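Here's the structure we're looking at; comments come further down.
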Amino acid sequence: MASIIHARGGISDQPELRMLPAADLAPARTLILLVIDGLGADWLNKYSPQGLLARHALGTITSVFPTTTATAITTILTGLAPQQHAVTGWFTWLRELGTVLKILLGQPRYGGADYRQAKINVSALLKLPSVFDRLSTPSTLIAPRNIVNSPFNLALRGSAQVKTCGKLDDMRRKIERTLIEQPRPGYVYVYWPLLDHIGHYQGMHSAPAQAHLHSIERTLERLCEQLQGSDSLLLVTADHGQIDTRPEDAILLPETVQECLRLPLCGEPRAAFTYLRSGEENQFADQFAEHLSSDFWCLRSEELIAQGLFGQGAPHPELHHRSGDLTLIGQGQRLLRDRLATEQPFSQIGVHGGLDRGELLVPLCLLRL
């Protein structure tokens, strides 16, 4: 994001990506960033090694930590590392509201009113800058209607023009139309979520996931044909990858461990933030060692912050509160779940959030139009 910000005349205190110097992007009349949710680098190379994206890959980059949409998309929409924006996962403890929040939806974990229904001003709550306001060129944000018009996205839209899309072909047409209508030079951000959805419920190694990848590449081939000679650059990457799991990989938090906690698990099942009750540190350590140590790493969240796992720069004032006391990271394919009284049993095949290379590594592709 620092490379894009610099290329569009903005200022970022983060270093540019070495394989993507802003000087190489700046001459383009329109710079397009397409984020394909769930597109892991290894997975792409396995299922389309000679496809359009693999042929135009600059290389492989890492996602943020946790490797999840809530955290990564906030980085894309702000230009800030998780260290600086402190959105730490699907479930984020917000002491400002006194609840564990499904932060993209604005709904408490136990259910109930969301941002709109509770009349919460998301901009005032998060106090985060929009990346679009950091650029000196016009911007457009394109995504499916239910996503692009969510209070979370609207709070970070800044000065960008917002356009909705339906199917892949509609997304392509919206990009083409934007390049005609938008003053140049410009920046276009496009988010496509369906691959991630397919992976969650059918698995990333399923036929539908592979078929959707080929549909994406066919759509992009046509986009390239339509925009040839437009003096534009199309960057394609992902917020994270996914790994497939089996039902037995999911471990329900033992009651003896849960008794040591003052909050439900936060973050992600693959990277769970735990909040210990005062005086329960030794009991937690004993119970973790007995029940979970062979399946999860247990690390002090303060040490992860100090070591830069959440990124560079001064930590957000709430980051220590939103990352808990200890972070439990799944080994292999393990994931950790707990369940509130209001929650129904829940399972997914494709998951992410942890530090397996399938989750962490994403492709970075550059197509000159």
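The values are calculated or read from the model by the stated rules, or taken from the named source; none is laboratory data. Quick caveat, the model's predicted, so the values are computed rather than measured. In this analysis, Cβ positions are derived from the backbone assuming ideal geometry, glycine residues included, and neighbour counts consider all displayed protein chains.
Checked against the criterion of being over 12 Å from I251 (Cα atoms), surrounded by 14 or more Cβ atoms within 10 Å (Cβ to Cβ), in contact with a Gly (Cβ under 9 Å, 6 or more places away or on another chain) and among the hydrophobic types (A, V, I, L, M, F, W, C), the range 341-350 contains one or more residues that satisfy it. In this structure, does L299 turn out to be aliphatic (A, V, I, L, M), over 30 Å from D13 (Cα atoms) and in contact with a Ser or Thr (Cβ under 7 Å, 6 or more places away or on another chain)? Here the answer is no, as L299 does not meet what is asked. Applying the criterion of being in contact with a strand residue (DSSP E or B) (Cβ under 6 Å, 6 or more places away or on another chain) and assigned to a loop (DSSP other than H, G, I, E, B) to the residues of the range 335-354, the residue that is nearest to T69 (Cα to Cα) is H352.
Just one of (1) under 30 Å from L125 (Cβ atoms); (2) crowded, with 24+ Cβ neighbours inside 10 Å; (3) small (G, A, S) fails for A7. It is (1). Looking at D13, is it modelled with pLDDT under 95 and more than 29 Å from I180 (Cα to Cα)? Considered against the rule, which asks whether it is modelled with pLDDT under 95 and more than 29 Å from I180 (Cα to Cα), D13 comes out as yes. Among the residues making up the range 207-238, a single one is within 18 Å of L168 (Cβ to Cβ), in contact with a helix residue (DSSP H, G or I) (Cβ under 7 Å, 6 or more places away or on another chain) and outside any helix (DSSP H, G or I): V236.
Residues that are without any contact (Cβ under 8 Å) to a residue 40 or more places away in the chain and of a type in the set (S, T, N, Q) within the range 249-266 comprise just one, T256.
Conditions tested, residue by residue: (1) at pLDDT 95 or above; (2) more than 21 Å from the chain's Cα centre (by Cα); (3) assigned to a loop (DSSP other than H, G, I, E, B).
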| residue | (1), (2), (3) |
| --- | --- |
| V162 | yes, no, no |
| L179 | no, yes, no |
| P183 | no, yes, yes |
| Y187 | yes, no, no |
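Scanning the range 292-327 for residues that are in a strand (DSSP E or B) and within 19 Å of the chain's Cα centre (by Cα) turns up just one, T327. Of the residues S139, S159, the single one that is touching a strand residue (DSSP E or B) at 6+ places or on another chain (Cβ under 9 Å) and exposed (fewer than 14 other Cβ atoms within 10 Å of the Cβ) is S159.
For the structure I just gave you, tell me whether L34 is within 16 Å of L125 (Cα to Cα), in contact (Cβ under 8 Å) with a residue 40 or more places away in the chain, out of contact with any Pro (no Cβ under 6 Å at 6 or more places or on another chain) and not assigned by TED's automatic domain parsing to the domain that holds H316. Considered against the rule, which asks whether it is within 16 Å of L125 (Cα to Cα), in contact (Cβ under 8 Å) with a residue 40 or more places away in the chain, out of contact with any Pro (no Cβ under 6 Å at 6 or more places or on another chain) and not assigned by TED's automatic domain parsing to the domain that holds H316, L34 comes out as no. Within the range 192-207, none of the residues are in contact with a Ser or Thr (Cβ under 6 Å, 6 or more places away or on another chain), on the phi < 0 side of the Ramachandran plot and surrounded by 21 or more Cβ atoms within 10 Å (Cβ to Cβ).
Within the range 253-265, the residues that satisfy the criterion of being loosely packed, with under 14 Cβ neighbours inside 10 Å and either under 17 Å from Q331 (Cβ atoms) or out of contact with any Leu (no Cβ under 8 Å at 6 or more places or on another chain) (or both) are E255, E259.
Does I32 count as part of a helix (DSSP H, G or I), of a type in the set (A, V, I, L, M) and within 22 Å of L154 (Cα to Cα)? Considered against the rule, which asks whether it is part of a helix (DSSP H, G or I), of a type in the set (A, V, I, L, M) and within 22 Å of L154 (Cα to Cα), I32 comes out as no.
Exactly one residue out of Q228, Q307 is loosely packed, with under 14 Cβ neighbours inside 10 Å and either within 30 Å of P27 (Cα to Cα) or hydroxyl-bearing (S, T, Y) (or both), and it is Q228.
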